[in-house]
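Let me begin by presenting the structure, written as structure tokens, before commenting on it.
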Amino acid sequence: METAAVELQIPRQIQVLPTDDHVAAVKSKSRLSMLTCFHAGYFRISLSLCGQALLWKTLIEPTTDAHALRAVVRCLPSAAFLLLWSVAFLTLLALCLLYLVRCVLCFRSVRAEFAHHVGMNYIFAPWISWLLLLQSAPFLRPNTRGYLLLWWLFALPILALDVKVYGQWFTQGKKFLSMVANPTSQITVIGNLVGARAAAEMGWRESAVCMFSLGIAHYLVLFVTLYQRFLGSDSLPSMLRPVFFLFFAAPSMASLAWASISSSFDTCCKMLFFLSLFLFASLVCRPALFKRSMRRFSVAWWAYSFPLSVLALAATEYAQVVKGAVANVLMLILAVLSVVVTLLLMVFTAIRTGDLLPHDDPFILCSFDSNLH
Amino acid sequence: MLAMCSTSWGMRVLLPERMENRVHISSKRVLPEELPRDAEHIVTELETAAEGDAIIGNDSESSSVLDPVSAVKKPAALSPTLEDQRNQSCSLFFSLPASPSGLHLEQVKKVIMFSDNKVEQSESTSRSLRIITTTTARSEYCQRDKTYDSFKTWSGRLEKQISNLRGKPQEPDLEANNGYEAAAIPAVERYFDALEGPELDTLKESEVSVLPEDKKWPFLLRFPISSFGMCLGISSQAILWKTLATSPSTSFLRVSPSINLLLWCISLALMATISFIYSFKIVFYFEAVRREYCHPVRVNFFFAPWIACLFLALGAPPPVAVKLRATLWYALMAPIFCLELKIYGQWMSGGQRRLSKVANPSNHLSIVGNFVGALLGASMGLKEGPLFFFAIGLAHYIVLFVTLYQRLPTSETLPKELHPVFFLFVAAPSVACMAWAKIRGEFDLGSKIGYFIALFLYLSLAVRINFFRGFRFSLAWWAYTFPMTGASVAAIRYSMEVTNVLTQALSVGLSAISTFTVTALLVTTILHAFVLHDLFPNDISIAITQKKKPKLNKILAHLRSFGSDIKDADNSKEVTPDEAASDDVDDNVRWRGAAEAAALGVASLPRAAATQGAATASWWQQCVDDAGIGEEVGKMT
């Protein structure tokens, strides 16, 4: 085991030795190294699936509105929802295990990822996915002890990461906000807002307001900074353009969180929802922005699904309050869109798994570092 | 062998000297294969008027003579050999755009000849250059002024179509056959590089304009979109006087509602007139409208017509106001929505027009539209729509406010000195507070916060009134009066809520200031329109070049001196291009300038030059490339 661990640290290109043993060692090593190359960006998949699960749960819920459209949606069998929830759960579990393996075997890479301006935001993603799963769990009521314990288990890492990341924004020399801000930074905000919503469901109003205010204050700063765009589009490679969809995920999530806190979808929630709707329209009108990233299938494509699910969720809440035809049609369109996009992504993943699997580690540092010793 | 020609007017150049080789005339009609071998290089540089648009063209009336190939061949046939001592003459024909003032004729001073001749030194004799300028009679066809074609719709083809339809005889326009494409719109950096001033409307010293700066351009071309600012100013006054007449806290003034009616009718008429004129500009000068759209400050004024219509709806006298339908609101907000999607999307996607680069106080115009729409919609009784626009406006206002307050070093448009455009800062919070009050049904805390912010900004600008100096009046100033009026209306609304002497005095005082400002502006406008006749000066800010061109006058000054040097040098030694190139950098610059200004299809030179010598060819190619005129020449040919 130790020799294997040592062998992992040798860069692949140096291993050109011709003997059979070494060839076999190289083959096994590359398979293993593929396992450790699952960087945190892969949690987009779990984010999307858990977001979908939450959407389906909300749609299936009985509602006071006797509108026909909602009834149509409710004829989705609950078995489908259970299946989706299980798939989401298993995917999240698998990805977490893989990431654990990576932490153990290739810790330097993880550290490099943590220091990267895009990678560090995706460290929030697993905790957000767990919280979403928790909220959409079919068997766990929010007022049980289990829910509470799990909430603490998932919210504490988010708070710890908050202190690290947000503190860096205004104190650290090379990493202040104007330099590192990019659309994925909104994931940190979404983490706080999801935690706030989960807490509000539990009835823990103060914690909910605390996390909400953390999220919203930093969202304000981030929103302004991102719109200003000091560095222009240079801070993000064109393959990652799908993460622009996060622009409308954050206000939708804020709208949902505030709706849970104030127990009603009031004016503030409506305004946040309208803002996210406008940003969605704005992005959809610019297909040229995404053209380059759509050439090849990659894990970045999964970034399309989660924001659409959250927007559909907010539209559902909105339609419940404003019982008009326009609102219901909007809700239906958005919900269908998010379901279709997620299904398409799952199909693409099944067909082109090769494109999705990591071929190399973008944060590779462990090999070089150890070589220098 | 003089080629006779006649066109509107032209210039003939006779070269009666020993040119043993044939003259290479470059023009778009000459194919390199047709050119005789051992062609000499002749570059002629023509000093034209400021637009530098000399076109080599052939008038088909005298086609047989003007065919440059035949013109070339004639002398060639006569004296092909080195030993031939006969005088050769060749004529080069230039046709310049017709100038109503004959300015071109005066300015055509000199043709510089450069010939790369491999003649033995002994053969060189005096190479005298006779320049004969002739102004032949104008052709009986009405020569259309093609100077402004690049700004017209479809590059002037629309105008020709209309003239055709009207039955006017048209001279056969040969350039049209070559597929005149519209000049490309300059990138946003060019606007920042070439223009300066708080409204980005003054051309920098080192820049030239595409259109002649000394001539008065067609009226439509001089009519900017910022003229809609006048509608904004007057219609906001109508709202003010309506509020003064109807508000209970100012009823002690006993303002008559007829003032509102009068102002409203005036603003309606003004809006109709200006829209009518501008629609003509869109039809006939679409390229100019596109350039205005790409201008980082002017693009915000595209919101002005819709905001003015919203003001008209808001300021309508009560008998008219009750008849307004919700469909009108949707119809007015739809264009605002589309414009916003475009402009805010540009900010968000972080490309060339991202906010940190283009932020300027005029961007407030794009934000205020949201609040005005929300105010009108809430007055009409709509609920969700006004809230939608209020939310969008608020979010983007926060972004813009922070950006402008920061005065980022990357932003190039914020003026160092104060300018009336700064009053736009007051517009958004004052209108937002009124819109929020209408949406909520009462003047609550949120509205009060907005009102106090507006008051503070107004005060900080008012105490600095001394610094508003030294700016040329422009029609856009009208657009900066509506924030003052908006603040007055907000003050009146606040005094309805909190009624005491102070608030009433404030509301009356602010109203008086805004009315006085509008009146002063009206007097100034009338003065400029009827006495000084410069209400619509040439709109330089849309006529910037795509690439930076050195100012023509400077080049020509160099060339003049250089040309005389050449004449002297001729008598002593040959000046080869390589020598000229190896001279000091100055000469190189001059030659680059010469190459740039040449309108002879220089691009075709290097091809024929392959026969002469690789070194020379590459040198000329270098000149052409350096001057960056390859494409420009390509466009002309």
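The values are calculated or read from the model by the stated rules, or taken from the named source; none is laboratory data. Computed from a predicted structure; not experimentally measured. All Cβ positions, even for glycine, are placed from backbone atoms using ideal geometry, and neighbour counts span all protein chains on display.
One residue alone among A:ARG205, A:ARG241 is in contact (Cβ under 8 Å) with a residue 40 or more places away in the chain, surrounded by fewer than 19 Cβ atoms within 10 Å (Cβ to Cβ) and of a type in the set (Lys, Arg), and that residue is A:ARG205. Restricting B:ALA437, B:ALA543 to residues that are within 24 Å of B:GLU196 (Cβ to Cβ) and not charged (D, E, K, R) narrows the list to B:ALA543. Of the residues A:LEU246, A:LEU236, A:LEU226, which single one is more than 9 Å from chain B (Cβ to nearest Cβ), out of contact with any Ser or Thr (no Cβ under 6 Å at 6 or more places or on another chain), of a type outside the set (Gly, Ala, Ser) and buried (at least 18 other Cβ atoms within 10 Å of the Cβ)? Exactly one of A:LEU246, A:LEU236, A:LEU226 is more than 9 Å from chain B (Cβ to nearest Cβ), out of contact with any Ser or Thr (no Cβ under 6 Å at 6 or more places or on another chain), of a type outside the set (Gly, Ala, Ser) and buried (at least 18 other Cβ atoms within 10 Å of the Cβ), namely A:LEU246.
Return yes or no: is B:LYS281 under 24 Å from the mean Cα position of the chain (by Cα), in contact (Cβ under 8 Å) with a residue 12 or more places away in the chain, crowded, with 20+ Cβ neighbours inside 10 Å and in a helix (DSSP H, G or I)? Criteria met by B:LYS281. B:SER514 falls short on exactly one of the conditions (1) more than 22 Å from B:LEU253 (Cβ to Cβ); (2) touching a residue at least 60 places away in the same chain (Cβ under 8 Å), and that condition is (1).
Of all residues in region B:230-275, those satisfying the criterion of being surrounded by fewer than 23 Cβ atoms within 10 Å (Cβ to Cβ) and of a type outside the set (A, V, I, L, M, F, W, C) are B:THR246, B:SER247, B:PRO248, B:SER249, B:THR250, B:SER251, B:ARG254, B:SER256, B:PRO257, B:SER258, B:THR273, B:SER275.
The residues of region B:345-362 that are over 20 Å from A:ALA281 (Cβ atoms) and either at pLDDT 80 or above or of a type in the set (Lys, Arg) (or both), listed by number, are B:LYS357, B:VAL358, B:ALA359, B:ASN360, B:PRO361, B:SER362. Restricting the search to helices (runs of 4 or more DSSP H) fully inside region B:459-578 and requiring at least 3 residues that are modelled with pLDDT of 90 or more gives B:482-497, B:501-526.
Exactly one residue among B:SER247, B:SER226 is among the small types (Gly, Ala, Ser) and under 25 Å from the mean Cα position of the chain (by Cα), and that residue is B:SER226. Of all residues in region A:184-196, none are within 14 Å of another protein chain (Cβ to nearest Cβ), more than 24 Å from A:CYS269 (Cα to Cα), crowded, with 22+ Cβ neighbours inside 10 Å and in contact (Cβ under 8 Å) with a residue 12 or more places away in the chain. Being away from chain A (no Cβ under 12 Å) and touching a residue at least 24 places away in the same chain (Cβ under 8 Å) is a property that B:PRO319 lacks.
Taking residues in region B:517-539 that are without any contact (Cβ under 8 Å) to a residue 40 or more places away in the chain, and partners anywhere that are among the aliphatic types (A, V, I, L, M), the pairs with Cβ atoms closer than 8 Å and at least 6 places apart or on different chains are B:THR517/B:MET484; B:ALA529/B:LEU535. Would it be correct to say that A:VAL347 is at pLDDT 90 or above, in a helix (DSSP H, G or I) and either in contact with a Ser or Thr (Cβ under 9 Å, 6 or more places away or on another chain) or under 18 Å from A:LEU256 (Cβ atoms) (or both)? So A:VAL347 does not fit the description; no.
Restricting the search to helices (runs of 4 or more DSSP H) fully inside region B:324-395 and requiring at least 2 residues that are facing chain A (nearest Cβ under 10 Å) and in contact with a helix residue (DSSP H, G or I) (Cβ under 7 Å, 6 or more places away or on another chain) gives B:326-349, B:355-358. Per the conditions (1) crowded, with 23+ Cβ neighbours inside 10 Å; (2) touching a Lys or Arg at 6+ places or on another chain (Cβ under 8 Å), the sole criterion not satisfied by B:GLU384 is (1).
Quick grid of which residues meet (1) at pLDDT 90 or above; (2) farther than 21 Å from B:GLU199 by Cα:
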| site | (1), (2) |
| --- | --- |
| B:LYS383 | yes, yes |
| B:PHE390 | yes, yes |
| B:THR403 | no, no |
| B:PRO409 | no, no |
| B:VAL426 | yes, no |
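Considering region A:251-308, the residues that are touching a residue at least 24 places away in the same chain (Cβ under 8 Å) and not in a helix (DSSP H, G or I) include one that is nearest to the other protein chains (Cβ to nearest Cβ), namely A:PHE265.
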